[in-house]
Amino acid sequence: MEGHGPGVGRVFVLIFCIFGIWSAYITQGVLQETVSTKRFGPDGKRFEHLSFLNLAQNVVCLIWSFIMIKLWSRGSAGGAPWWSYWSAGITNTIGPAMGIEALKYISYPAQVLAKSSKMIPVMLMGTLVYGIKYTFPEYICTFLVAGGVSAFALLKTSSKTISKLAHPNAPLGYGLCFLNLAFDGFTNATQDSITARYPKTSAWDIMFGMNLWGSIYNMVYMFGWPHGSGFEAVQFCKQHPEAAWDIFVYCLCGAVGQNFIFLTISRFGSLANTTITTTRKFVSIVVSSLLSGNPLSSKQWGSVFMVFSGLSYQIYLKWRKLQRLQKKRKSM
C-alpha cells in the first residue's frame, strides 16, 4: 500500500482541483448571469453597469494576491517589477469588459460558447501574420468549433431567454465576445514575454501586477469624471444590497478559482488545466440551461456538442504531442 501512496495522493489532489475550479467558476457564471439579467428590488431595476464587475474583481483579486504573497511567497527577488504589467493591464481591462458587456445582448450560454472559440483568432493570426502552417487535424478542430458557434448564433433563441436580456442584439454581442478573445491574445502574449524576461516571477506576482493595473484603469474609467458610471453602480448597490452581495461572491469565486488554476498548472501542467476548464464551460452551459431558465433547442444542443467535440479533439492532439515529446526525451 505504501507504494501506491503518492499515486493515490496525486489523484485526490487532482479531484480537489477539479472540484475547486468547477465549483468556483460555475458559481461565478451563475452569479454573472444573475447580475446581468435579474431585476432587483421592488422597483425591478436592472444592474446596467456591468463594467463595475471587472473593477470589483480586480480589487478583490489584488487584495487576495497580496495576502498570498505575504503568506506563501519566499521572496520575489528576480521577479517582474510591478510596473512591467502596465501594457498587459490595458488589454486585460478592455477585453473582459467587452465579454461582460456582451451579456446585455446575448445569453450566457451563447457568451460561453463564443469565448470557447479562442483557437480561431489564434490560428487566423498565426496563418495570416506569421505564416504558421497547421496540421489537417488542427483545421478539423477549428472547423468544428467555428461551425458550432456559427450554427448556434444563426439558430433562433427562445423568447424566454431573449426577454431576460437588457438589449437583445446578437451581432453586437458576438462581436464583443470575439474582440474579448483578440484582446486576451495580446494579454497572454505580453504575459509570456514578461515571464520569459523574468523567469523567477511567481503566479502570485502576475496576479498582483495584472490586478493592480486593472484596478487603476477601471478606477479611472468608472470614477475619473463626475458623471462616471461607478458612482451610479455604488449607489445601486447601496439601494439593492442583494446585488452588492452577488457581486462580492462573484469576485470571491474568481479569486478562489485562480488559486485552483495555479495549483493545477503547478502540479499537473497546463494540459490538465485546459481539460478541466473546457469541461467546466460545458457544465456551465448545462447549469445555465437547467437552473437559470435558458432553454436550448435540440439543434442548439447539437451546436454545443459540435464546439466541445472540436475542443476535446484539440486537447487530445496536445496530449498526443506531449506524449511524443516525452518519449523523445527518454530516448535521448
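A compact table of results
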item	result
Per residue value of the accessible surface for the stretch 154-298 (all protein chains in place, 1.4 Å probe), Å²	51
5 Å binning of all Cα-Cα separations within the stretch 180-246, expressed as whole percents from 0 upward	4, 14, 14, 17, 16, 13, 11, 8, 3, 0
Shape box of the stretch 239-332 [Cα atoms, principal axes, largest first, Å]	66, 36, 13
Among the listed pairs K118/K200; K45/K160; K115/K328; K133/K330; K118/K164, those beyond 23 Å (Cα-Cα)	K118/K200; K115/K328; K133/K330; K118/K164
Per residue convex hull volume, Cα atoms of the chain, in Å³	180
In order through the stretch 214-231: 3J(HN,Hα) via Karplus (6.51 cos²θ - 1.76 cosθ + 1.60), integer Hz, x for Gly, Pro	x, 5, 4, 5, 5, 5, 5, 5, 7, 10, x, 9, x, 9, x, 5, x, 5
Note, ³J(HN,Hα) from phi for the stretch 323-331, Karplus 6.51, -1.76, 1.60, rounded to Hz, x at Gly and Pro	4, 5, 5, 5, 5, 5, 5, 5, 7
Cα Rg over Rh - the stretch 213-287, Kirkwood	1.13
MRE, 222 nm, helices only [DSSP H, n ≥ 4, -39500 (n - 2.57), over the chain, to nearest 500]	-26500 deg cm²/dmol
Under 5 Å, built H, 5+ apart or other chain: amide partners of Y198	none
Solvent-accessible area, 1.4 Å probe, carbon plus sulfur percent, for the stretch 38-168	68
Accessible surface of W301 - all protein chains present, 1.4 Å probe, nearest 10 Å²	60
Percentage of interatomic Cα-Cα distances in the stretch 7-142 larger than 23 Å	60
Candidate aspartates and glutamates - alpha carbon under 18 Å from K104, same-chain residues fewer than 8 apart omitted	E33, E48, E232, D246
Residue-span extension gain [E242 to V11] - 0.36 nm each, minus C-alpha spacing	79.3 nm
Surface accessible to a 1.4 Å probe, H167 within the full protein complex, Å²	90
Normalised alpha carbon radius of gyration of the stretch 135-235 [divisor 2.2 N^0.38 Å]	1.54
Long-range HN-HN contacts of K45 with modeled amide H, under 5 Å	F40
Full-stretch length increase - S193, K160 - with 0.36 nm per residue and alpha-carbon distance subtracted	7.4 nm
The stretch 295-310 - phi-based ³J(HN,Hα) in whole Hz, Karplus 6.51/-1.76/1.60, Gly and Pro as x	x, 10, 6, 4, 5, 5, 4, x, 5, 4, 5, 4, 5, 6, 5, x
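The values are calculated or read from the model by the stated rules, or taken from the named source; none is laboratory data. As the structure is a prediction and not an experimental result, all values here were calculated from the model. In case anyone asks, the SASA skips ligands and DNA or RNA and just uses the protein heavy atoms, side chains included. Shrake-Rupley method; radii C 1.70, N 1.55, O 1.52, S 1.80 Å.
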